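The values are calculated or read from the model by the stated rules, or taken from the named source; none is laboratory data. Being a predicted model, the structure only gives us computed values, none of them experimental. Every residue, glycine among them, receives a Cβ derived from its backbone with ideal geometry; neighbour counts consider all protein chains shown. Protein only, heavy atoms only, side chains kept; ligands, DNA and RNA dropped before computing areas. Shrake-Rupley method; radii C 1.70, N 1.55, O 1.52, S 1.80 Å.
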Amino acid sequence: MRMFDIIAKKRDKEELTAEEIAFWIQGCLNGEVADYQTTALLMAIRINGFSERETIDLTKEMCCSGKTLDLSDIDGVKADKHSSGGVGDKTSLVAMPIVAAAGIKVAKLSGRGLGHTGGTIDKLESIPGFHADLDSQTFKRQVAETGIAISGQSEDLDPADKKLYALRDVTATVDSIPLIAASIMSKKLATGADVLALDVKYGSGALLHNIEDSRRLAKLMIRLAKAAGKKASAFLSSMEQPLGCHIGNALEVEEAVQVLKGDGPEDLRQLSLSIAGEIIWLAGVKSDREQAWRLAAELLNGGEALDKFKRLVQAQGGGDDWEQLATSRLILPYNAIDEGFIDKIDTAKVGYASLLLGAGRSTAEDAIDYGAGIVFCHKAGAYVHAGDAVAYLHCQDPRQAAEAAKLLNQAVSFSKTVPKAAPLIAEIISTEDATL
Ligand code: URA
């Protein structure tokens, strides 16, 4: 077999066999296939597409390219969740403690933020003492004993994805639906959970901007989960504005804890409850979907989910002062430059504004300021006068605030009429749907 012929086949819009895909991925990792050949094939896939069968084969090959986690010796149903990336998206910090409070074992591997989107691991690391890099033995022991563990991914899990993602990132081939689906699902399948919730964002802050593409991605990932024998549901949820009001690591933990204490913004509460309820249903704790969603609300309202969150934090090194989160030196208002209803919020620009304040990274090596970020005073649809505070900027240096404000001026637009709200959850697609 020759890599040259495999590239030529995809260039000519032909379907690759499972053996050809295995040859490519193995060769890419052991150095027998050159990076320039892999990038040529990635571009051919990005342009000419990849069938569902090819995507299933690629996912399997990537999944077993490194170590996989075997959770089968832990009693009970194991659950995981993945978000395709968002701004202000702290849903995991609320939803997964609810799931754990329902008696389901939460074994969640998460990523760090990169670009305009945040990452769960950075958020958790803003808690004093919290350790997010658990080795697989410690991770499994904590899942078994505490019922919930959230850790960064080990280096040896899915090395094919690390290699391909790094090449895609610099060759304009990230935005390929089959490549994204294989990237996400190979990692999720390698972590061994039985039940999976996928939060696929749509809108200006999402990986894929238009809702049809996000729907295609969600459906494809659900079909990949089904082909692997997993129960999974995908939520098509809005990134037309940040989720909740807080953006930034410690600020997001603070807001998640508000929701766990029964307060906090309604959109974050709703999405977290829906995802938790769906996992509870998929795990079979309640056979009726509505009852499962109701149980999620009871576990949140009754404080059991907050207790689970505290146990998670304590198990991973957060001491008694875990609520003493990092803060920034300055808190400066960002004021409306116009009057009217807050209409469109370009969420990606808001994410970059938060990055400029110190809350994110431009490259994987950058340090982050855990206390930095943005707290919005209003959501889309609110009426403001010119000069009213729309948000507060948390940072170390007024120059950071000035740069972030310039971006926010472009991100937030105003209208004279009440804007139409994008649905928080546009659709739920499940392996359990008869029509899938
Ligand atoms: N997130 C991933 O894990 N992979 C992609 O390809 C895109 C987003």
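What to note about this one:
- Highest-fluctuation residue, G262, G31, G119 considered, GNM on the chain with Cα pairs under 10 Å: G31
- Our helix-only sum for the chain, with -39,500 (n - 2.57) per DSSP H run of n ≥ 4 divided by its residues, gives a mean residue ellipticity at 222 nm of -14000 deg cm²/dmol.
- Solvent-accessible area per residue, Å², over the stretch 142-207 with all protein chains present [probe radius 1.4 Å]: 27
- The radius of gyration of the Cα set in the stretch 334-410, together with its Dmax, comes out at 12.7, 41 angstrom.
- The P(r) of the stretch 43-202 has a tail past 26 Å containing 27 percent of all C-alpha pairs.
- Separation of the S154 and E290 label points, Cα + 7 Å toward Cβ, nm: 4.5
- Considered as an equivalent ellipsoid built on the Cα gyration tensor, the chain has semi-axes of 34, 27, 21 Å, the largest given first.
- Residue (of I374, A348, A44) at the positive-pole extreme of the chain, dipole from beta-carbon charges: A44
- Max-minus-min Cα coordinates of the stretch 127-197 on each principal axis give 42, 29, 21 Å, with the largest extent listed first.
- Counting only protein heavy atoms and a probe of 1.4 Å, the accessible surface of the chain is 50% carbon and sulfur.
- For E365 and R399, the FRET efficiency from 1/(1 + (r/R0)^6), where r spans their Cβ atoms and R0 equals 22 Å, is about 0.50.
- Exceeding the 30 Å Cα-Cα cut-off - candidates K226/K261; K188/K406; K201/K286; K226/K344; K10/K78; K163/K219: K226/K261; K188/K406; K226/K344; K10/K78
- Charge dipole (debye, nearest 20) of the stretch 78-227; +1 at Cβ of Lys and Arg, -1 at Cβ of Asp and Glu: 440
- Of the residues A386, A359, A227, the one whose Cα sits farthest towards the positive end of the charge dipole of the chain is A227 (charges of +1 on Lys and Arg Cβ, -1 on Asp and Glu Cβ, taken about the Cα centre).
- Looking at the stretch 279-436, the accessible area is 51 square angstrom per residue; that uses a 1.4 Å probe and ignores ligands, DNA and RNA.
- Tensor-based shape of the stretch 152-268 (alpha-carbon gyration tensor, a/c under 1.5 rounded, otherwise prolate or oblate): prolate
- Inter-centroid distance (Cα atoms) of the stretch 365-434 relative to the stretch 307-333, Å: 23
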